[in-house]
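Read-outs throughout are calculated quantities, based only on the coordinates presented, and are distinct from any laboratory measurement. Just so you know, these numbers come straight off a predicted model, no measurement behind them. Positions of Cβ are backbone-derived with ideal geometry, glycine not excepted, and every protein chain shown enters the neighbour counts.
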Amino acid sequence: MQGSYSICSGCRKPVSIKEKKSSKYLEGVHCPKCHDSLTDDQKSRFAMRQKQILLAKKLGKRHIFKKEY
Ligand SMILES: [Zn+2]
C-alpha cells in the first residue's frame, strides 16, 4: 500500500501528491524537483533499480541486485 507521500529516490526529498501527478515524476526514479538535475545515465540506472525492486516484490523475495557505482 502506498502512503500519502513517498521519498524521491533521486533527491531523497518527500514527494507530495501534487508532485506525483506531474509528468516529471517517476516512482523510484525522479521527482519534479530533481528531474532536471539528473543525467539521463542516472535516470536509466534508477529506473533499472526500481524495476528490479518491483520485480523482487512481485516474486516475494528480498531484492537482490548488483550495486552499481
Ligand atoms: Zn527528486
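Quick notes on this one:
- Close amide H partners of SER6, meaning residues 5 or more places away or on another chain with modelled amide H under 5 Å apart, are VAL15.
- Reach of LYS51 by Cα under 20 Å, taken over aspartates and glutamates that are not fewer than 8 positions away in the same chain: GLU27, ASP40, ASP41, GLU68
- Rg/Rh ratio calculated on Cα atoms of the range 6-59 (Kirkwood radius): 0.98
- Least to most buried among SER16, SER9 (fewest other Cβ within 10 Å first): SER16, SER9
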